[in-house]
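To keep things clear, I will list the structure first and then write my remarks on it.
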Amino acid sequence: MTTQTAPLTDYRSAFADFEGVAYLNVSLQGPMPLAAAHEAVAALEWKKHPYRVPDSAYFDLPDRIREKVARLVGGQPDEVAVTTGASAGLAAAAAGFDWKAGDEVVVGRGEFPAHFATWLRYEQAGKLRVRLVEPKGRFISADDYIEAIGPQTRVVSASLVRFDDGARLEAAPVARACERFGAALVLDLSQCAGAMRINLRELGAAMAVSSGYKYLLGPYGAGFFWIAGEWIERLPLGAAYFMALEGAREFHAMPSGNLRLTPGAHRWDSAEPASFTNLAAFDASLDFVLGIGVEAMERYNDALAGQILDALPRTNCSLASPSERARRGPFVCVSARDPKETQALYEKLRAAQVSVSLRENALRISPHIYNTAEDIARLVEVLAE
């Protein structure tokens, strides 16, 4: 029996009423805190009255996002680009490599589709080959990736926490294997950023991408791309938004000749990075996450996951995530004991207003800071029926 204690603070009041739904689905969409929704409404007022928008807003908002994201991932603000999600970050990275015939991108079987779609057009053009890694065990491991890395490897594209089973990658050994061949480890943090402690320097990643609308509780269409400082000049630029040019902050004298990029990762910002409604809400969501603290978030989620695992009715359910905590991200996946019954179990949960995701014939159960022991009890009651 796992004994864990959740924090005493009740964060449920910081969110909208969930209308009777036990929402255990942050891995799909994180609900915005009320404070973030308020900031989105306030930003809409700027568009209703555009004469109120100060010139500085076009830069201050993205810069605040950079600073807060850097604190969450153990980086520096000038290593952070503001994007619309993980796919935008992957696309920015892919466009920056000078691909040569024979180059390989290593991707694990069953990865999130963005890790395949990103490289597709380059592969079809004969510029690279995607090398698929087959896991030797039930869950993909660092050793599986390391065996696939060699002289032709340019990129390993991998999730730190897998979307389909919650398996957590031991990234540091993979990064060291990449370094031996001058390759880049590109990590997708979408299923864990904001929910567990991450230090990208310690992990040895060259780059990382993430959505901002899951555990970071931001709006859909928010995200970031992180690139290690030493890689900024190593990665040629695919495309640049004009606000990354030196002098672009002076609207009265825009740059037009002798164009130079500002130092840092700004050059990989998605176009219109200061999208007011999105970034104003994202900024407030990041304040909420940082105000509670990632360590507190992690403890809280661990407590809820522990309750799920302790009470899981093993007679008709099986764990579909790693059982060892160190190998698992912030959520758990379960399936019916008879795999053919998993879809029916998902429908029962939906009918009982318990929201989870169905992924690869497993129930992905992802509680967060607004959930309670009562939500877990409702889940278990349905699973046990």
Report summary line: Residues of the range 3-27 being assigned to a loop (DSSP other than H, G, I, E, B), open to solvent by less than 70 Å² (accessible area, probe 1.4 Å) and either among the hydroxyl-bearing types (Ser, Thr, Tyr) or modelled with pLDDT of 95 or more (or both), in sequence order, are Tyr11, Phe15, Ala16, Phe18, Gly20, Val21, Leu24, Val26, Ser27
Report task. Would you be able to tell me the number of residues in the range 232-269 that are open to solvent by 70 Å² or more (accessible area, probe 1.4 Å) and not in a helix (DSSP H, G or I)? Result -> 12
Requested in this report: Among residues belonging to the range 355-370 that are of a type in the set (A, V, I, L, M, F, W, C) and buried (at least 21 other Cβ atoms within 10 Å of the Cβ), point out the one that is farthest from Leu217 (Cα to Cα).
Outcome: Ala362
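Checking the conditions here, which among Ala142, Ala93 is in contact (Cβ under 8 Å) with a residue 40 or more places away in the chain and either surrounded by fewer than 16 Cβ atoms within 10 Å (Cβ to Cβ) or within 28 Å of Ala195 (Cα to Cα) (or both)?
After ruling out the rest, the residue left standing is Ala93.
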Query raised in the report: Which of (1) closer than 17 Å to Phe288 by Cβ; (2) more than 23 Å from the chain's Cα centre (by Cα); (3) open to solvent by less than 40 Å² (accessible area, probe 1.4 Å); (4) of a type in the set (D, E, K, R) does Asp103 not meet, given it meets every other one?
Result: (1)
Query - Meets criteria (touching a residue at least 24 places away in the same chain (Cβ under 8 Å), on the phi > 0 side of the Ramachandran plot and open to solvent by 20 Å² or more (accessible area, probe 1.4 Å)) for Gly194 - result: no
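Could you please let me know if Glu111 is surrounded by 15 or more Cβ atoms within 10 Å (Cβ to Cβ), touching a strand residue (DSSP E or B) at 6+ places or on another chain (Cβ under 9 Å), among the charged types (D, E, K, R) and over 23 Å from Arg359 (Cα atoms)?
No: the conditions fail for Glu111.
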Query raised in the report: Looking at this structure, is Ala373 more than 23 Å from Leu216 (Cβ to Cβ) and touching a Cys at 6+ places or on another chain (Cβ under 9 Å)?
Result: no
Query raised in the report: From the set of residues in the range 218-231 that are touching a Ser or Thr at 6+ places or on another chain (Cβ under 9 Å) and either without any contact (Cβ under 8 Å) to a residue 12 or more places away in the chain or of a type in the set (Gly, Ala, Ser) (or both), which is most open to solvent (accessible area, probe 1.4 Å)?
Result: Gly221
Query - Those strands (runs of 3 or more DSSP E) lying entirely in the range 120-231 with at least 3 residues in contact with a helix residue (DSSP H, G or I) (Cβ under 9 Å, 6 or more places away or on another chain) and more than 23 Å from Ala88 (Cβ to Cβ) - result: 129-133
Query raised in the report: Can you find a residue in the range 188-199 that is within 16 Å of Phe112 (Cβ to Cβ) and of a type in the set (Asp, Glu)?
Result: yes
Report summary line: Residue pairs within 6 Å by beta carbon, gap of at least six or interchain, first lying in the range 69-84 and open to solvent by 50 Å² or more (accessible area, probe 1.4 Å), second among the polar types (S, T, N, Q), listed first then second, are Thr84/Ser270
**Report entry** Residue among Leu345, Leu286 that alone is within 23 Å of Ser159 (Cα to Cα), hydrophobic (A, V, I, L, M, F, W, C) and modelled with pLDDT of 95 or more
**Finding:** Leu286
Report task. Taking only the range 358-378 into account, find how many residues are under 14 Å from Thr342 (Cα atoms) and not acidic (Asp, Glu). Result -> 7
Report summary line: Exception for Phe116 within (1) without any contact (Cβ under 8 Å) to a residue 40 or more places away in the chain; (2) under 20 Å from the mean Cα position of the chain (by Cα); (3) open to solvent by less than 50 Å² (accessible area, probe 1.4 Å) falls at (3)
Requested in this report: Scan the range 337-356 for residues that are in contact with a Phe, Trp or Tyr (Cβ under 9 Å, 6 or more places away or on another chain) and hydrophobic (A, V, I, L, M, F, W, C) and jot them down.
Outcome: Val354, Val356
Query raised in the report: Can you name the number of the only condition in (1) under 30 Å from Arg234 (Cα atoms); (2) more than 21 Å from the chain's Cα centre (by Cα); (3) not β-branched (Val, Ile, Thr) that Pro62 fails?
Result: (2)
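The values are calculated or read from the model by the stated rules, or taken from the named source; none is laboratory data. What you see is a predicted model; the values in this text were computed from it and never measured. Note that each Cβ is placed from the backbone with ideal geometry, even for glycine, and that neighbours are counted across all protein chains shown. Each accessible area value is taken on the protein alone, full model and side chains, heavy atoms only, with ligands, DNA and RNA left out. Shrake-Rupley method; radii C 1.70, N 1.55, O 1.52, S 1.80 Å.
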